[in-house]
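This report refers to the structure that appears directly beneath it.
The values are calculated or read from the model by the stated rules, or taken from the named source; none is laboratory data. Nothing here was measured: the structure is a model prediction, and the numbers come from that model. Glycine gets a Cβ as well: all are built from the backbone with ideal geometry, and neighbour counts include every protein chain shown. In case anyone asks, the SASA skips ligands and DNA or RNA and just uses the protein heavy atoms, side chains included. Shrake-Rupley method; radii C 1.70, N 1.55, O 1.52, S 1.80 Å.
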There are 4 protein chains.
Amino acid sequence: MSKIKVTIFNENLHDKEENVKAVYPNGMHGAIKECLDADGRFETKIALQDMPSHGLTDDVLNNTDVLFWWGHIIHDKVDDAIVEKVYQRVLKGMGLVVLHSGHFSKIFKKLMGTGCNLKWRETGDLERVWVVKPSHPIVAGLGEYFELPHEETYGEHFDIPAPDEVVFASWFSGGELFRSGCCFERGNGRIFYFRPGHETFPTYYDENVKKVLINAALWAGAPGGVFQTYGFWHTDNYNK
Amino acid sequence: MSKIKVTIFNENLHDKEENVKAVYPNGMHGAIKECLDADGRFETKIALQDMPSHGLTDDVLNNTDVLFWWGHIIHDKVDDAIVEKVYQRVLKGMGLVVLHSGHFSKIFKKLMGTGCNLKWRETGDLERVWVVKPSHPIVAGLGEYFELPHEETYGEHFDIPAPDEVVFASWFSGGELFRSGCCFERGNGRIFYFRPGHETFPTYYDENVKKVLINAALWAGAPGGVFQTYGFWHTDNYNK
Amino acid sequence: MSKIKVTIFNENLHDKEENVKAVYPNGMHGAIKECLDADGRFETKIALQDMPSHGLTDDVLNNTDVLFWWGHIIHDKVDDAIVEKVYQRVLKGMGLVVLHSGHFSKIFKKLMGTGCNLKWRETGDLERVWVVKPSHPIVAGLGEYFELPHEETYGEHFDIPAPDEVVFASWFSGGELFRSGCCFERGNGRIFYFRPGHETFPTYYDENVKKVLINAALWAGAPGGVFQTYGFWHTDNYNK
Amino acid sequence: MSKIKVTIFNENLHDKEENVKAVYPNGMHGAIKECLDADGRFETKIALQDMPSHGLTDDVLNNTDVLFWWGHIIHDKVDDAIVEKVYQRVLKGMGLVVLHSGHFSKIFKKLMGTGCNLKWRETGDLERVWVVKPSHPIVAGLGEYFELPHEETYGEHFDIPAPDEVVFASWFSGGELFRSGCCFERGNGRIFYFRPGHETFPTYYDENVKKVLINAALWAGAPGGVFQTYGFWHTDNYNK
């Protein structure tokens, strides 16, 4: 079986700060890449916001089955023309895994059609991530819940359309809860939003989080393989 | 506008225990009835499991727009023939509001088609009930969350079909979370499952809970009014 | 009970063509207005694309509970700034009823996050509109189906996110079918897409279609009334 | 990769009638078995209603990843104790593919919690099966629609809970439409309802239908493989 082509996008700004480098010497994108490379089923690439075209050239996008997206404070600096290209690729079947503060990225908001607002608090709460859909491929290998000793807190109401499936919900020691793992389909593309991953905590090194990243890449990458030769966009020719 | 006819069913067993009577002198059914009567938009009736036909005669059921259901330890003693009648009424448009341990009632399990299992712990945790669907009629008049100082803890995974809408999710101080307010439609009937209401806590006197009970009765009672003269069961005649 | 404020938007271009004027002397917007005015529960206003601000000034939008939208060949001429204002109003609770070729309008595509493509053919097929959700308020007063002797044909695949509810599905004599009545919620706003309404057929004078327009305005108008003083957008203040 | 274990249940009554034997010399179960055996990814077994335990012994059920179900006029003769065992297996992760008139089987109605009624007419209409979810694994290899020259007609309203996914919808030359391919999850089990398959037509020999049967077995068989060692039923031990 050929490998699933994964491109990992990161705005790569926090990653240059000393306190973040202490946690992620190769950046968060580096940690995610190591996780997927170690699995062996993926062919991975890095795309950083400060690269030409943010590293998301037509050639890169056309050779990506699943795009991971981490962004936070310079969402507005992402080129609209590239957002449009990513959007069109998702509708045609590319998977998209949106991480943490990526909930406010242009691409996620464009695909959701809502404000994607939420509550947040940076107090290093304990996060207990509960599995609320045990039959879902994305939870394969996990127990009934897993814990992250310190994370940023997100709280409801999360302003998204009703997800097709809610796979995880997080409990925070400070009193909030949040739909932490949400699946959506838009066009032929599968989208997974996964909440954890604040830059100052070693979340992407956590063994359970790594299982989720791998499962998410497998789940989101499936349709791309299945539907390359078929889809609604052919219907333009329907009346000829 | 004519009043919505509500029947409140209770297994009425805990309600005879001293520690429960200290909290609910007129039973939990009595507290719920007082809440709905005070609102003025409902015509209420009580049905207890130890009445003939559990108080759910054909005449009562045929004159009920919304049935509230509280049961716990003698679910198995509910007559299957009456469960079948309640079930048929729900499919034809009667609303059903299932409370707390009613998740294991014969009627709820029959309508869900799943085991309806969940986790539970009786340690009087603080329950913080979060609104996760602020646009829903059942949350009218509530804030972003409300608290119950002491409640029984329920935890995921709650083995139900994907709800049509999840309105509330509860955070518990002991570390669990739970989909506390779930809407379902089965046939022409609307079903609302509402988690809070352990017999030893004054939950049904809580001002926010009372708003939910009233909103739930209004929401679940709507279709009965709208669809009395139309529904899928007419289709038996379709080919004549 | 105060009236629901409805604004009817029309691109008002076909309506100036002779063959359309023969069917809709006062425009399609005029026919829809007559329908809602005759009901008595609505306070209606007209907004045309060739008016200043397309007739959708801040004052008009802030005093609209439900916006109807008909557009077709000059979607691209609708001012993006006004689309953004309509979008924000929907998220805050304004209802939106999108008609027929409005599936390709900027506002609908922005709220859906997909291409909203479909198949179409103008051969005056018979359209039989089936009720697939008989418990829904939007079908109140209808039978199991109703027919439109001649309509434009739309066909699947309709590229939208999975609707929250599919209320109608249309059968066409030429061999297509289509999800003709779809409900969505985005933020606090309710959105109803209703397929029928090609400019050259008297669809908006049909007695069953008129019932749908009225039911849709009542359904989409509800949340605006319920949630004016509450919603997720307050959560920006949550951490102060 | 080990083969997916499929058991094909048939009430095996029509299959003994001359006009049906002329179409299905080895029974409909035989045709379905041939289809799956030819694919090579399945290990198949036959279970007939007139076998001891209907051919569904504990040993057979415990060694089944996906159960196909065809029944029609003697649903009521299926042993409730065996229905309960099939039900428990589905909740624990066994896939279930319910065919045609199986919509009225005890097991399907028990899993749906509704009446599962529909309209029907035996006039050999042309059925055009449209793909309404082109991103779904069950449509892999199909075009935008496929046709069955003669089939029994089914019509809406189909009294089921809102499906998790609607994959196919059928157009019938006589004027009806129907949600012909519906996905549900109950507990850890995946359920697919597929409409075509009237006993007097060679539907199960159709090349497109055969692709659907194979895709459905692959889709419904997945969770059984994924979740053998984890599931909600372990939560009984949670408080020990």
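Summary of computed values
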{"quantity": "Test: residue in region A:155-172 that is of a type outside the set (A, V, I, L, M, F, W, C) and away from chain C (no Cβ under 14 Å)", "calculated": "yes"}
{"quantity": "Failed item, numbered, when residue C:175 is tested on (1) more than 8 Å from every other protein chain (Cβ to nearest Cβ); (2) on the phi > 0 side of the Ramachandran plot", "calculated": "(1)"}
{"quantity": "Test: residue B:220 is within 28 Å of residue B:162 (Cβ to Cβ), crowded, with 20+ Cβ neighbours inside 10 Å, of a type in the set (Gly, Ala, Ser) and at pLDDT below 95", "calculated": "yes"}
{"quantity": "Tally of residues being free of Cβ contacts under 8 Å to residues at least 12 places away in the same chain and under 14 Å from the mean Cα position of the chain (by Cα) across region A:7-65", "calculated": "0"}
{"quantity": "Test: residue A:115 is more than 10 Å from chain C (Cβ to nearest Cβ), in contact (Cβ under 8 Å) with a residue 12 or more places away in the chain and surrounded by fewer than 22 Cβ atoms within 10 Å (Cβ to Cβ)", "calculated": "no"}
{"quantity": "Subset of region D:118-131 that is in contact (Cβ under 8 Å) with a residue 40 or more places away in the chain and of a type in the set (Val, Ile, Thr) - its residue that is least open to solvent (accessible area, probe 1.4 Å)", "calculated": "D:129"}
{"quantity": "Those residues of region B:185-199 which are more than 10 Å from every other protein chain (Cβ to nearest Cβ) and open to solvent by 10 Å² or more (accessible area, probe 1.4 Å), in sequence order", "calculated": "B:199"}
{"quantity": "Residue list for region C:158-196, filter: in a strand (DSSP E or B) and more than 17 Å from the chain's Cα centre (by Cα)", "calculated": "C:171, C:172, C:177"}
{"quantity": "Residues of region D:164-184 that turn out to be open to solvent by 10 Å² or more (accessible area, probe 1.4 Å), in contact (Cβ under 8 Å) with a residue 24 or more places away in the chain and more than 20 Å from residue C:173 (Cβ to Cβ), as a count", "calculated": "2"}
{"quantity": "Residue that is nearest to residue B:221 (Cα to Cα), among those in region C:124-147 that are within 8 Å of chain B (Cβ to nearest Cβ) and of a type in the set (Gly, Ala, Ser)", "calculated": "C:135"}
{"quantity": "Among residues of region D:147-163, those that are open to solvent by 10 Å² or more (accessible area, probe 1.4 Å) and not acidic (Asp, Glu), counted", "calculated": "6"}
{"quantity": "Meets criteria (away from chain D (no Cβ under 12 Å), at negative phi, of a type outside the set (Gly, Ala, Ser) and touching a helix residue (DSSP H, G or I) at 6+ places or on another chain (Cβ under 8 Å)) for residue B:90", "calculated": "no"}
{"quantity": "Region A:47-66, residues that are on the phi < 0 side of the Ramachandran plot and out of contact with any Lys or Arg (no Cβ under 8 Å at 6 or more places or on another chain)", "calculated": "A:47, A:48, A:50, A:51, A:52, A:57, A:59"}
